[in-house]
Amino acid sequence: MSDHVLYETPAPHVARLVLNRPSSRNAQDTHFLYALNEAFDRAAQDDEIKVIILAAAGPHFSSGHDLRESDGVAALKSHRTVGTWCGFGCAGSEAQMAREKEIYIGFSERWRNVPKPTIAEVQGKVIAGGLMLIWPCDIIVAAEDAAFMDNTVGMGVNGVEFFAHPWEMSARKAKEMLFTSDWIDAQQALKIGMVNHVVPNAELSSFTLALAERIAKKPRFALKLAKESVNAAQDAQGRVGAMNAAFALHQLGHSHNMIVYGTLVDPTGFPAAVKRG
Ligand code: ZN
């Protein structure tokens with residue numbers, strides 16, 4: 001397993017996955033995402049594990065996608081893909097959509113459906129793609145310094161690929177988050193229901209582990225059934241169809257930027273990011 005993601009078992013029946021690229025603020029490149037997916041699979045497939053914690057090393061949970069990755073297609077080819085969508089080496093939008101369907105919306109949806117309770121343990125900044133790691137989790141525990149932002153409208157797309165904003169907060173708050181790229185701090189996130197708890201940074205790991213241990217005392221199958229039942233309620237409200245529509249519009253944004261600017265993201269809205277959104 002890659003050292004980009006550590007796999008710990010801090011208590012009986014609890015797995016703790018740790019994002020481990022603190023020098024880059026846990027920026028996500030292709031290898032990093034496959035390492036995380038492998039760790040989720042390992043925890044999901046181990047019947048002794050009942051609860052999964054997703055944590056991060058360093059001061060910040062995740063700065064989002066790694067904009068420095070030069071050849072994402074080549075990186076993708078060195079992994080066994082998890083989806084059925086192909087065409088990663090094709091030209092234009094065909095390849096771009098394939099890549100984002102596999103490693104962005106594909107992975108996040110896959111982790112959302114892991115049939116065990118998952119808890120995100122979050123400190124520091126969570127930017128854009130970082131949201132696609134915590135939103136698939138069932139419970140989010142935030143440290144006091146946690147702050148959340150989706151700045152991708154400035155890059156010329158509608159929002160991150162796993163477009164869960166309207167399911168994580170009210171439609172009005174989701175629109176404000178997208179239109180302004182403003183930070184949502186931990187207390188605001190608690191108020192709008194995006195996180196379950198806010199705790200002092202020094203207590204983040206112990207609080208999260210204690211919560212995981214309490215959950216792990218419950219019967220495994222009942223936990224699975226409870227999670228599936230809540231997820232089914234969201235899906236009955238049209239979550240999957242709405243998110244797929246947003247994903248298609250995200251691809252339209254990339255294609256538009258490529259036609260007008262020759263880059264996937266709009267350089268006028270976010271000059272530092274010219275390769276990937
Ligand atoms: Zn994208």
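The values are calculated or read from the model by the stated rules, or taken from the named source; none is laboratory data. Bear in mind that the values here come from a model prediction, so they are computed numbers and not experimental data. Cβ: placed from backbone, ideal geometry, glycine included. Neighbour counts: every protein chain shown. Side chains included, ligands, DNA and RNA excluded: accessible areas come from the protein's heavy atoms. Shrake-Rupley method; radii C 1.70, N 1.55, O 1.52, S 1.80 Å.
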If I go through segment 1-40 residue by residue, how many of them are touching a His at 6+ places or on another chain (Cβ under 6 Å) and charged (D, E, K, R)?
2
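If you scan segment 145-174, which residues turn out to be hydrophobic (A, V, I, L, M, F, W, C), in contact with a His (Cβ under 9 Å, 6 or more places away or on another chain) and either crowded, with 21+ Cβ neighbours inside 10 Å or in a loop (DSSP other than H, G, I, E, B) (or both)?
As a first pass, look at segment 145-174 and keep what is hydrophobic (A, V, I, L, M, F, W, C): 146-149, 153, 155, 157, 160, 162-164, 167, 169, 171, 174.
Among the residues that remain, those that are also in contact with a His (Cβ under 9 Å, 6 or more places away or on another chain) are: 157, 160, 163, 171, 174.
Across segment 145-174, the qualifying residues are Val157, Val160, Phe163.
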What number of residues within segment 58-91 are open to solvent by 80 Å² or more (accessible area, probe 1.4 Å), farther than 20 Å from Asp41 by Cβ and not basic (Lys, Arg)?
4
Ser206 passes all but one of the listed conditions (1) among the hydroxyl-bearing types (Ser, Thr, Tyr); (2) within 16 Å of the ligand (Cβ to nearest atom); (3) open to solvent by 70 Å² or more (accessible area, probe 1.4 Å); the exception is number (2)
Residues of segment 136-178 being closer than 23 Å to Tyr34 by Cβ and more than 16 Å from the ligand (Cβ to nearest atom), in sequence order, are Pro136, Cys137, Asp138
Against the definition (under 30 Å from Ser206 (Cα atoms), within 16 Å of the ligand (Cβ to nearest atom), touching a Leu at 6+ places or on another chain (Cβ under 7 Å) and open to solvent by less than 40 Å² (accessible area, probe 1.4 Å)), how does Phe107 come out, yes or no?
yes
Every listed condition ((1) out of contact with any strand residue (DSSP E or B) (no Cβ under 7 Å at 6 or more places or on another chain); (2) under 28 Å from His250 (Cβ atoms); (3) not charged (D, E, K, R)) holds for Pro219 save (2)
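Can you confirm whether Asp235 is of a type outside the set (Val, Ile, Thr), open to solvent by 20 Å² or more (accessible area, probe 1.4 Å) and outside any helix (DSSP H, G or I)?
Values: of a type outside the set (Val, Ile, Thr): yes; open to solvent by 20 Å² or more (accessible area, probe 1.4 Å): yes; outside any helix (DSSP H, G or I): no.
Judged against the criteria, Asp235 is not a match.
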Any residue at all in segment 175-183 that's within 16 Å of the chain's Cα centre (by Cα) and in a loop (DSSP other than H, G, I, E, B)?
no
With respect to Val265, determine if the residue is open to solvent by less than 80 Å² (accessible area, probe 1.4 Å) and at pLDDT 95 or above.
no
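Is there a residue being among the hydroxyl-bearing types (Ser, Thr, Tyr), in a strand (DSSP E or B) and either surrounded by 20 or more Cβ atoms within 10 Å (Cβ to Cβ) or within 13 Å of the ligand (Cβ to nearest atom) (or both) anywhere in segment 111-129? I'd like the intermediate steps shown before the answer.
Applying the first criterion (among the hydroxyl-bearing types (Ser, Thr, Tyr)) to segment 111-129 yields 118.
If we keep only those that are in a strand (DSSP E or B) too, we end up with 118.
Applying the additional criterion that residues be either surrounded by 20 or more Cβ atoms within 10 Å (Cβ to Cβ) or within 13 Å of the ligand (Cβ to nearest atom) (or both) yields 118.
Yes, some residue in segment 111-129 is among the hydroxyl-bearing types (Ser, Thr, Tyr), in a strand (DSSP E or B) and either surrounded by 20 or more Cβ atoms within 10 Å (Cβ to Cβ) or within 13 Å of the ligand (Cβ to nearest atom) (or both).
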Yes or no: segment 257-274 includes at least one residue that is part of a loop (DSSP other than H, G, I, E, B) and in contact with a Pro (Cβ under 6 Å, 6 or more places away or on another chain).
yes
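Within the group Ser181, Ser255, Ser229, Ser170, which residue is closer than 19 Å to Phe61 by Cα and of a type in the set (Ser, Thr, Tyr)? Steps first, please.
Working: Ser255 fails: closer than 19 Å to Phe61 by Cα; Ser229 fails: closer than 19 Å to Phe61 by Cα; Ser170 fails: closer than 19 Å to Phe61 by Cα.
On inspection, the qualifying residue turns out to be Ser181.
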